[in-house]
Structure formats: structure tokens, C-alpha cells
1. With the crude spin-label approximation of a point 7 Å out along Cα→Cβ, what separation in nm comes out for ILE634 versus LEU425?
2. Using heavy-atom solvent-accessible surface (probe 1.4 Å) with all chains present, what is the largest-first order of TRP341, TRP286?
3. At 1.4 Å probe size, with no ligands or nucleic acids counted, give the accessible surface of ASP323 in Å², nearest ten.
4. Rounded to whole Å and sorted largest first, list the principal axis extents of the Cα atoms in region 657-781.
5. Stretch ASN383-SER74 to full length: gain in nm at 0.36 nm per residue minus the Cα-Cα span?
6. I need the chymotrypsin sites (Phe, Trp or Tyr not before Pro) found in region 294-336, filtered to DSSP loop residues with at most 12 other beta carbons within 10 Å of theirs.
7. When the chain is fully extended, how far beyond the present Cα-Cα distance does ASN183 get from LYS641, taking 0.36 nm per residue of separation?
8. If you average the C-alpha positions of region 386-405 and of region 282-308 separately, how far apart do those two centres end up, in angstrom?
Amino acid sequence: MIKNQKFTGFCSSLALMLCLNVNAQINVSGSVIDMDSIPVPFAHVLLLSANDSSLVKGAITDDFGKYSFVDIYSGTYLLSTSVVGFSPYFSANFSINKTDPEIIGSTIQIKEDAQMLEGVTVAARQNLYERKVDRTVVNVKNSVTATGGTALEVLEKSPGIVVNRQNGSISMNGKSGVTIMINGKMSRLPLDAVVQMLEGMSSSNIEKVELITTPPAKFDAEGNAGIINFITIDSPDLGTNFNLGGTLGYNGSEIWGVNGGINHKKRKIGAFLNYSIRGDAAKPEWRNESSIQQQDFIQTIKSINNRDALAVVQNLRAGLSYDISEKTSFNVLITGYQREWNTKDEIITQNIVSVDTTLSTIGLVDENDKLNSYATTLGLSHNFSDSAKINVEFDYLYYDKNQPSSYDNTFTTNNSTTSTSENILVERKIPINFEVFKVDYSTLIKPNISLDLGVKGSLSNFTNTVTVLRSAEDLREIDESFSGVAELDEQIGAVYTSIEWKPNTKWNIQGGIRYEYTDTFLSSTNGDMGVDREFGNLFPSLFMSHVLSEDSKITFAFSRRISRPSFNDLAPSVFFINPTTILTGNLNLRPSLSKGLDFGYEYKKLWLSIKYNYTKNEIVPFQPEIDLPTETLIFRSQNLKNNSTLGLHMSMSFKIVQGWDFQNTASINFDRIESQHLANNVRYRKTYLAYNGVSSILLPKDFILEFSGNFRTSSLLGVSTLQSFGRFDIGIKKELKNGNGTITLVGNDLFGTTPRRRVNDIPEENINTFLFYDFRLRSILLKYSLSLGNSKIKTLKIKSGAEEEKKRVE
């Protein structure tokens, strides 16, 4: 329960005072709809003088078909509306005088022009990368090299993103603590499970990805690095549309996938169903080296893990929307996800334990990882008026993971002819339940001022059971140091308010504040310290943009964020990299808080920005430490004392010649960290460069050729150093003659430069390690897609073609 009950009243009073301080002015607003009463976005609306039809002001309708004109003088006017595919519209004359501070224009209803619709094609293509004041947008539909791949591969190619498949983590602009959303809804799976889900989600179902570095107050404050929002392809237009796609590939083993979907929309009912299944029989390689300084000797341990894995991932999304009335609608969303991963590994380890003794181990690993997740969303939306709307949502999510594994180890020494054996059985089960309730209210106080208010509450709980059995010489016993039960109960309450103000055509100001209260209780039976904490935090945000000229503008953004420990860290599993090296969790992690600033300058297609971020108690995965009594090397997530990053970012796009586009994003980052979990803590500084580039060439006969690549120099991941890596991809796409399908051939990681290499060299702690992981991303993929259905859907999509005009209004 939220203890600070005065905060809701404070937010409401603040919003009311801000509204009352706005001077009255003569404004005109209204909306544009078609003959089926569906809002028409991106329609051009002109305010004309009734005397000579001269232009007074122009506007473009937003996503809800709304337009507005501010600071209008007294006089007589008329309205004109035009949009591709519809007949022109001219209103009757109307008058404005000083006694009417605000004129709510009548709804403009426009008719389709059948002659204009026939044969209309849109040749313009959006840039792959778009920069906005608080986010970078990756238009996946426009990427040839993303075709046939997965959502995770799309992320790996995105600016500033680093994906670590080894431990299931994602960082953005060098920062951990990323929150994943799908269509604006937070995914409440543990991050490693989200990585697995994205690895099986076909990129064919994704329209774009938003990399939101400074989220506004209406979003959860979770995620120090920001939010990654996947927007899926769900057609809102009238009619029925079918799509079907298939992928075949090879990366040393076979890759296959099938995806399909159906969208149907009538006047009151809309429904969609999307399903995908993907299989990948990759054979990744994992190498680990470590050394420990003894009194007069350096003990060296080397292991090679050759994996023979098969992953089959299924995703299902189904939704239904029903318009109860003209102002009220009800929707249901059901999602299902299943991943079954099996691997049979051979781990070969050499442990030089003394000058004349080497212990060799051959370990056979049989691991099964089965994850099921089901979610249901119920939503109710009501429009009080053209400018006021409320949304009520309830979500329930069930997540279940079953992860049994066995390790058969055979030990031999160089000075012995006999061998010994050991068997380790690990059982892990973790069911997690989430219940989330939220209410969002938005209203247009004035044509140039909008207000958002909202409350949210979430309940979550899990019971994590880990049992480790060791068998040697027919004796089996439970390893109490790794076995145990952890139980979590957590409640989070939030309230927020935000205001967007456009005082004139040059300024756009958005400000908000969010309060979150967290109550967490975590208990464990294996001797680890439990958690019983209650805390509340304020999370302000501010965004401003100012147009300097027709070609340039400046921006500013500030936000405060939080990252809570992932459930995978709070419900730790045990994985034996080799007999003396383990990967586990940490029940004692604390939440981290960060503050971020972003100054930007845009000139035509050039964007420059300076970003600064400071984080206290940042959570960083895969940090090393030595257990001295057993000399076991342990990797797990830890809190840094602090982490600060200063980055200079550049984004630029240009045409080499007509039909040949080239986009570039680059950054230089100055990173500084200080640890707090080691006996002898360390401070590190590092400067690194990052680059993403995409070149797209339009060829004759409906072919598109695309080259894409990225590169990153060595950088810090906590006390570890991630060495340089990159990739280069090439793809070619052919539009089929009937216009209803495409065929695409993609080559990924052509030079085999994606393997990750991680180094830890901390003499103060006697830690010296090297980790190498090759995900086998070097592959060739062939993708075929087919789209069928009502041709009206295609023509109505022309209405969203005015991207350049929309950007100028924004």
C-alpha cells in the first residue's frame, strides 16, 4: 500500500495550478474522421481567411485525427482539409471574436475518392534510424538485413545496444538496467527469460523498436538505462489481411522458422492472431581460463565447453477489441510463450594444481531448460469528449521455469593411472505470478496543453526451489551450500502526473513527476541474508525542444530512474562452468538509482547530443569473486558503488546518389566505475567508441540491396573488460510481381567478429580470468513472406505516408 497518500493530492493540485496560470487566448480545435467515423491521422488542415481564401495557419492531424490552431485573431474564416485518397473538403464560413477564448470546431467528415485510390503507390522509405527528443526509433520493416532474423538480432544491430547471450543481459549506451516493453506494455519476465523470448521472436512481426533513453513520467521508473519498446505489426485498418512467412538458414547447424498472422477489422469489432515458431540447432563454444597466485606457484585452470544445443521457441499473440459505444471500447489481449532448450555438452578442463600435477576433467552435461509463460490483459477505454480519455487495465501473468541438469565428471591426474568420478544433479523450479492494475487519464486542457494522470499497483510473488545432489563412489548427498528455497512477496504502487505545453510553434515542453513505493520481502532457507525493505522515491522528468529555424532545433531531457534486482538474481540457479567455476545468483542485491541529462542539436539530417548519466548501486551481471576456503571462482550480479558515463553521440543520414541512402550513428563514451563488493575495491576508467552504419541501394526490377555493420571498442562491464567486437551483414530483397510478397537472402556476421571476449585482471583480489563465448551468429538465411487480403487495407495505409510533415509538426 502506498504510504504517502498526500502525494496524489499534491500532483493533482500542481497540475491544476499550472493550468490556471495559462492566459486565456483564442484557439480553434477539432477533428477529422472518415465516413465510418474513424479518425484520419496526418490530414492537412488549413485555416483560411473568408475574404480572399488566403492561408492563415496550417496543421496536421495527430494519431487521433485531432488538429488545433492557437493565437487566432478575431475575424471570419473557413477550414480546408486534404489527404491522399479522400476528396477535398471546404467548410462554411465561421467567425471568431475576443469573447470566445476557445472555439471547438465541428467534426470534419471526409469522403474517400475512389479514382484517387486506384493505382496509388508510395515509393518513399523511412530511414532505418530516426532520432527524437527522448528516443531513437529503429524502423525494422525497412531493414533488409533484419529480415528472417529474430527480435534479439534486431537489438544486437541497434545503436548503443549490447546483448550478452551468455548470461541473458542487455545494456544500452553502456548501462545495464534495461526494461523491455511490447506495444507499450512492460514485459514482467526476468531479463534472461526476455532475452530467450526475443531470441525466438521473428523480426517479421516487428514494425519498429523504440530505444527510449529518457522515458516520460507515464512509464514505469524501472530501468536505469531506459526502455526498449517493441512495436508489433497489428493492422488497425478495415478488412481482413493474412500474412505468412518462412525462414531457412544455416550457422553450422540448421535454422528454421514459420510465422503467420491474421488481422480483421469491422466497424465495432477488431481481432488479430499472430503465431511464430523457430528452431535453432546452434553449436556454440564457451572457453574459460583463470589463474590463482599461490605462495610460490600460479595455479592455472582452462576449460572448453563444446555445446550441442537445440532451442525451439513458440510465440502466440491474440487480441480482440469491441466498441461498446462510440465513446467506449473493451479489449482483451492473450499472449503465450514457450521455449524448450536442450543441450548435451562436453566440458574438458585442465587444472594445473602444482608444478608437477595436472588434474584433467571430462564433464558430460545434460541440461533441459523449459520455460512457459501466459499473460492476459483486460482493458476498458472511454472517451469523455474529443479531448478527454480514460484507460483502465488489469494484467495477469504466470511464468514457470523448470531447469533440470546433470553433470558427470571424470577426474584423472598426470601421475596416476586411475580415475575418479562424480555426478551432480541440479533441480530448479520457479513459478512466478504477477497481478497489475492501472488507470491512465489524459485530457486536453487547452489546444496547446495536455495533461496525463495515472495510478498503478502491482503484486508479484515466487517460490524458487534449487536442489543440488552430489554422488561419488555410490554415496549421494545434498549439497547444502547451493540447495535451498527462496520466497518473494513484492508490492509496488505508483502515481504520476505529466503536462505537455506548446506555447508557440517553436517550443515544446513536457514535464512530469512520478512517485513509486516498494515493499519487498524475500526469505531464503540456505543461510543467505533475506530482504525486508520498504522505500519510496520521486522520479521527475523534463523534456524541451526549441525550433531555431526550418532546418534546426535544440533539445534537452532529464529523468531519474530506478533498477530493481531481477528475479533471476533474487531466485538464483546454479550452473557449473567447470568443477572450480560456477555461475549463481545474489539475494543481497540492492536497487540502483540513476540520473540522466541529454542535450541535443539537430540540423537537417544531422543530430548531435551530449549525454551524462550517474548511477548509484548499479547492478552489473557476471562479476567475479573468489571463495577463499574452496578456491572456487564465482560469477554473479553485484552492486557497483557508482558508475558515471559521459557520451558524445552523432547521427547522420545522406544520399550518395539517387536511390542510395547511407545512415550512420557513432558515439564516444567516457566511463568510470567504482566497486564495493570486493575486499579490495577498485576504480576503473575507460573510453570506448561505438558505430552503426546502414547503406541501402534501390536496384532495378524491385530489388533492394543493403549493407549493415556495427563496431564497438573495448569497454567496461563493471570490473570486467569487454573486448572489441562487431559484425557486418549483407542482404538483398526482391519484391514479387503481384506485390503481395517478398523473398530475401541475408548473410549475417560475414567475418565472424561477434564472439564475446571478457577479461578480469584484479591483482588485489588474486583474480585473473578470460571468458570467450561464440554464439554462432555467422549464418545465411532465406526468407519468404506472403501477404493476402482485402486490398482496401493497403490503400488506407497511404494515410500514414506523411512522415516528414508529421516530424515538422512534432
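The values are calculated or read from the model by the stated rules, or taken from the named source; none is laboratory data. The model shown is predicted, which means the values in this text are computed figures rather than measured ones. Neighbour counts run over all protein chains shown; Cβ positions are idealised from the backbone, glycine included. These accessible areas exclude ligands, DNA and RNA; they are computed on the full protein's heavy atoms, side chains included. Shrake-Rupley method; radii C 1.70, N 1.55, O 1.52, S 1.80 Å.
1. 2.6 nm
2. Details: TRP341 40, TRP286 10 Å².
The ranking, largest first, comes out as TRP341, TRP286.
3. In the full protein context, ASP323 sits at about 40 Å².
4. 68, 29, 22
5. Working: separation 309, 0.36 × 309 = 111.24 nm, distance 3.08 nm.
Extra length from ASN383 to SER74 when fully extended: 108.2 nm.
6. On the way: sites: PHE297, TYR322, PHE330; in loops: PHE297.
When the chymotrypsin sites (Phe, Trp or Tyr not before Pro) of region 294-336 are filtered for loop state and at most 12 Cβ neighbours within 10 Å, PHE297 remain.
7. On the way: separation 458, 0.36 × 458 = 164.88 nm, distance 3.41 nm.
Stretched fully, the ASN183-LYS641 segment lengthens by 161.5 nm.
8. Spelled out, the Cα-based centre of one part sits 42 Å from the other.
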